[in-house]
1. Let me spell it out: the conditions are (1) in contact (Cβ under 8 Å) with a residue 40 or more places away in the chain; (2) more than 25 Å from Pro193 (Cα to Cα), and Ser91 meets all of them except one. Which number is the exception?
2. Of all residues in the stretch 31-46, which are within 25 Å of Thr282 (Cα to Cα) and surrounded by fewer than 16 Cβ atoms within 10 Å (Cβ to Cβ)?
3. Mind counting the residues in the stretch 179-197 that are of a type in the set (A, V, I, L, M, F, W, C) and part of a helix (DSSP H, G or I)?
4. I'm checking my understanding of the structure. Among residues of the stretch 139-165 that are assigned to a helix (DSSP H, G or I) and of a type in the set (S, T, N, Q), which one is nearest to Leu89 (Cα to Cα)?
5. Which residues, counting only those in the stretch 282-321, are assigned to a strand (DSSP E or B) and either of a type in the set (Ser, Thr, Tyr) or touching an Asp or Glu at 6+ places or on another chain (Cβ under 7 Å) (or both)?
6. Going through the stretch 115-155 one residue at a time, which ones are out of contact with any helix residue (DSSP H, G or I) (no Cβ under 9 Å at 6 or more places or on another chain), more than 21 Å from Leu97 (Cα to Cα) and not charged (D, E, K, R)?
7. Filtering the stretch 230-270 down to residues that are of a type in the set (D, E, K, R) and not in a loop (DSSP other than H, G, I, E, B), which residue is surrounded by the fewest Cβ atoms within 10 Å (Cβ to Cβ)?
8. When you scan the stretch 140-158, do you find a residue that is aromatic (Phe, Trp, Tyr), farther than 22 Å from Asn258 by Cβ and without any contact (Cβ under 8 Å) to a residue 40 or more places away in the chain, even just one?
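The values are calculated or read from the model by the stated rules, or taken from the named source; none is laboratory data. As the structure is a computational prediction, the values presented were derived from the model and not from experiment. All Cβ positions, glycine included, derive from the backbone under ideal geometry; neighbour counts span all protein chains shown.
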Amino acid sequence: MDTFNQKILFEQVEEKLPVHTSLVHELSEMLDVSTDSAYRRIRGQTKVSLEEAVVIARKFSLSLDAMFHHTKNSFPFTYKGVNYNIKDLESYYRGILMEFDKADSFDQSKIFYATKDVPMFHIFNFPEVAALRLFFWKKTIYDLEEYKSKTFSLDEVVENPIINIGKQMTAKYSKIPSVEIWSDEVIMSTVNPILYYYESGVIEKRSVALLLLDKIDEFLIHIRKQAEVGGKFKPGQETLLHPGNFEMYYNEVTLTNNTIVLETGGKRHAYLVQSAVDYLFTDNDIFCDRTVSWIEHLTRKSVNISNQAEKFRQKFFTQMHRQVDRVRDRIR
């Protein structure tokens, strides 16, 4: 265990703990040792055994690779794959909500987001659209057996526990400053499924398809209002509670992936999203710093349409509304 870095281990455990939870208390219970023994391990006065490290790593879903032979060009990622059932999705979004809770407890938290799709962090403010996205992932992206013959209806919205959690997540996200880079293609991953489902009979009623398109227009209007004032707020909210916490950039080149960096408590965490919601995660300083540098480079190649550049903001949102209109015309 000479090459084992238990300082990194406990730093990662602290980041996983809920706010106001004692690391000493958790460690004492987990390893069945006294609080004094727990303190000694945390301070490095007592070495953590391999068996203890495995217990801790399993409890908090950590990779022990990060604590052994850590080199500049070799570092671990944690993979989070989601099974598309209600229980697993609830756990997935509760995990994000917990991360935002912790981020909100720090004064200097920030989110960097380069996106090729409409961020779900925004879309839960519009439950009908969120329900469609969740349905699309289950039926078309992951091809779940129980969804093969299922049609979409607005019943997907009623008492949906995931949407309720999503609303809480969105409310918390609205409080955290973010830098987001969008292209005018991001809306198509939400609009195209409506046309595809309507033409194939998965959405049986024209009125439902048109309602979904109306809700997407409302969503775009809401995002535009936030961009105009440079702050995030709930739909219909008149008072801007968090001014200056939304930087939105328009990039004319379609982005090829969804990349997120959460900066909180002086530490950065990078998330590379694939297959809709699965992601790879690392808090390696080198990778996170390079990712932020890449995003900052993208912002220099983009137009800041939050609180300025009205002409470009008008162009950006007009193009997206036109994409919605083209699908609406084919459905009518």
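1. That leaves (1) as the condition not met.
2. Arg43, Gly44
3. Residues flagged as of a type in the set (A, V, I, L, M, F, W, C) and part of a helix (DSSP H, G or I) within the stretch 179-197 amount to 4.
4. So, considering only residues that are assigned to a helix (DSSP H, G or I) and of a type in the set (S, T, N, Q), the one nearest to Leu89 (Cα to Cα) is Asn164.
5. Answer for the stretch 282-321, where residues must be assigned to a strand (DSSP E or B) and either of a type in the set (Ser, Thr, Tyr) or touching an Asp or Glu at 6+ places or on another chain (Cβ under 7 Å) (or both): Thr282, Asn304.
6. Result: Ile141, Tyr142, Ser149.
7. Filtering first and then ranking leaves Lys267.
8. yes
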